[in-house]
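*Asks:* Have a look at the structure that comes next, please.
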Amino acid sequence: MTEQLKNILPDKRIDELLLIGKEKSIMYSDYFIKAGETPTKIAFVFEGLFRYVYINDNGDEFTKAILSENIFISSYSAMVLNKPSYFSIEALENSRLLEFTWSDFNQLKENDIFWVKFLMKFLEKGYITKEKRERDLLLLDAETRYKNFLAEFPGMEQRVKQGIIASYLGIKPETLSRIRKKIIF
């Protein structure tokens, strides 16, 4: 468990995070956070796969992000604003997490500038990812978005249902099927 954290934190800092966290398991199709809930927690993904998903009043799903191991998950803006989340965080596989409360993490930030810088680094990475995703959805055609998905997430196509990939790409499953046939042949 701590091996994965060693890639992003010095040993002393791992211990600090482990002191405030609890290891949790989330089963496939369960939720870490549900839309409409006011989140109070954040987690590091040791094992598994998640998606951030919006569901409209008609039940249509829009996948905002697909996230795998070695990343933090949360509904950050909802947590900071202490408001209900607009999206859910759904497990796409059985998963293991290190979960901790936002208030406990804030205590770490208050006591040591290291944690402020650490958070800033992850927020910057998230912002860059979000900006690229928006640009791709606005400027690239569906086939290019799919090819980029395959390049950016190698092996993900075997882990995620085609309907979720289509939702992530902003296209209908039938369109993804046509693109896949075109690319394969």
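Rule-based calculations on the coordinates, nothing more; no lab input. Worth saying up front: this structure is predicted, and the values here are computed from it rather than measured. All Cβ positions, glycine included, derive from the backbone under ideal geometry; neighbour counts span all protein chains shown.
*Asks:* Residues that are in contact (Cβ under 8 Å) with a residue 24 or more places away in the chain and either aromatic (F, W, Y) or touching a Pro at 6+ places or on another chain (Cβ under 8 Å) (or both): which helices (runs of 4 or more DSSP H) entirely in segment 82-178 hold 1 or more of them?
*Replies:* Details: elements: 102-111, 113-139, 142-152, 156-159, 162-169.
It comes to 102-111, 113-139, 142-152, 162-169.
*Asks:* With I183, I171, I113, I71 as the choices, which residue is hydrophobic (A, V, I, L, M, F, W, C) and closer than 26 Å to G59 by Cα?
*Replies:* I171
*Asks:* Another question, if that's okay. Kindly establish whether S29 is of a type in the set (G, A, S) and in contact with a Phe, Trp or Tyr (Cβ under 9 Å, 6 or more places away or on another chain).
*Replies:* no
*Asks:* May I ask you to list the residues in segment 164-179 that are buried (at least 16 other Cβ atoms within 10 Å of the Cβ) and either over 25 Å from A91 (Cα atoms) or of a type in the set (S, T, N, Q) (or both)?
*Replies:* Scanning segment 164-179 gives S167, I179.
*Asks:* Is it fair to say Y168 is under 27 Å from T38 (Cβ atoms) and hydroxyl-bearing (S, T, Y)?
*Replies:* Yes, satisfied.
*Asks:* Can you name the residue in segment 82-104 that is more than 27 Å from L137 (Cα to Cα) and hydrophobic (A, V, I, L, M, F, W, C) and, of all such residues, is surrounded by the fewest Cβ atoms within 10 Å (Cβ to Cβ)?
*Replies:* Here the residue is W102.
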